[in-house]
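What follows is a set of notes on a single structure, which appears directly below.
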Amino acid sequence: MGLVALPGGGTGDLVLSSAQAAEDFEQEIVDQYALAMSAAGLSDGHIRQTRAVVIEFARSLTKPLWEATCADADAFMAEQRRLGHSVATRAGKAGTMSLFYEFVIARYEGTIRRATGVLVEQPIDEFNRQSGASLAKVRVPPSDEEIDSLFTAWRGSIPQARKYLPAARDYFAASLWRRLGLRINETAMLDIRDWRPDLGEFGKIHVRFGKGSRGRGHKPRLIPAINGADQLIDWWLAEVRHQYGTDWDNPDAPMLPSERFDRDLDRCGRVGTNALRRGLAIHVDQWLPAWSDRMTPHVLRHYCASSLYAVGMDIKAIQELLGHEWLATTSGYIHVRSEHIVHAWNSANDRVEARLRLQAD
């Protein structure tokens, strides 16, 4: 572990001669954790949020942070629930505390044990750690038939729409979520230059504002325009985008513009995510009312992963397409319908029967 200034002066053995010295050292650990997160490239907002959670937990204790036990974490998480915090919020705080204690154990366990005789333990375990927003809720996407019905009706309604351009734009955005699993923010931030038809068999989209993990900023990626996305983009650029304004050939202009012109930049403004969400909701209400208030851009992202997996796409390839850091995250997006299980069961039985027949012959 690196040398740090310890209470009592110097960088040698830790001496906690008073309650104030213990409090100072506790603050030193929190500060060093913030410094480590900064060195790892985490955003200032993420660091501030992490510090707030650690300090909130520290204030719930009647002892130093390094003496916290699983029982203390149980009490803290139970209080979070009593205060009405959501499952996602509680899961986030549990995860934050777990990572903080991993840091303390890795860098300070020996020092703390020599000074106090306390063996630091991880207070967040498999029993008190909330599983997250998906706890007890499986986000099963619509069926292929429902999605086809929605998008077929939506596409057919565009020429008669009261506002043709926003209707076409919202359809284009939702189709990217359906076919490539783009996040809504990634979609809104696309520029015209991000479409690279010269790359690969299908062309590629440069997703410059991909979501990074744990506050590490944007994580760009190049994804092939598979699943009919290349034809979709060609339709959008050839038949619709130029109707928004003369900036259609400006590589820095937004791929999905708003109806307002940005006079400072002399090009169309960028569409907001709220407008795209509203466009999806309006057409779902009209063409697939069974999914009203349930269909979101994220649901379509789940649908994309599930549908590609169902037709045989490798899960690692789906992980790269969606921009997930961990394969386990991707596996949570894939919902294999029960008929696939039935088909697999029948196929397995057929193979067993075939082998038995061969042995009998």
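The values are calculated or read from the model by the stated rules, or taken from the named source; none is laboratory data. Keep in mind that what you see is a predicted model, and the values were worked out from it rather than measured. Cβ placement follows ideal geometry from the backbone for every residue including glycine, while neighbour counts extend to all protein chains displayed.
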Checklist entry - Do we find that residue 65 is out of contact with any Gly (no Cβ under 8 Å at 6 or more places or on another chain) and surrounded by 14 or more Cβ atoms within 10 Å (Cβ to Cβ) in this structure? => result yes
Item to check | Test set (1) closer than 30 Å to residue 176 by Cβ; (2) at pLDDT below 80; (3) not in a loop (DSSP other than H, G, I, E, B) - residue 319 fails condition number | outcome: (2)
Item to check | Subset of the range 72-106 (residues that are touching a residue at least 24 places away in the same chain (Cβ under 8 Å), over 12 Å from residue 122 (Cβ atoms) and among the hydrophobic types (A, V, I, L, M, F, W, C)) | outcome: 77, 87, 88, 91
Checklist entry - Here are some residues: 282, 223, 233. Which one is touching a helix residue (DSSP H, G or I) at 6+ places or on another chain (Cβ under 7 Å) and of a type in the set (A, V, I, L, M, F, W, C)? => result 223
Checklist entry - What pairs come up if the first residue lies in the range 256-278 and is surrounded by 14 or more Cβ atoms within 10 Å (Cβ to Cβ), the second is at pLDDT below 80 and of a type in the set (Asp, Glu), and their beta carbons are under 9 Å apart, counting only those six or more places apart or on different chains? => result 268/262; 269/262; 270/262
Next on the checklist: Going residue by residue through the range 149-157, is there one that turns out to be exposed (fewer than 13 other Cβ atoms within 10 Å of the Cβ), within 30 Å of residue 287 (Cα to Cα) and basic (Lys, Arg)?
Outcome noted: no
Checklist entry - Hey, among the residues in the range 213-270 that are assigned to a loop (DSSP other than H, G, I, E, B), of a type in the set (D, E, K, R) and within 30 Å of residue 308 (Cβ to Cβ), which one's modelled with the highest pLDDT? => result 219
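Results for (1) touching a strand residue (DSSP E or B) at 6+ places or on another chain (Cβ under 9 Å); (2) aliphatic (A, V, I, L, M), shown as yes or no for each residue.
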{"residue": "240", "(1), (2)": "no, yes"}
{"residue": "270", "(1), (2)": "yes, no"}
{"residue": "274", "(1), (2)": "no, no"}
{"residue": "286", "(1), (2)": "no, no"}
{"residue": "300", "(1), (2)": "no, yes"}
{"residue": "313", "(1), (2)": "no, yes"}
{"residue": "316", "(1), (2)": "no, no"}
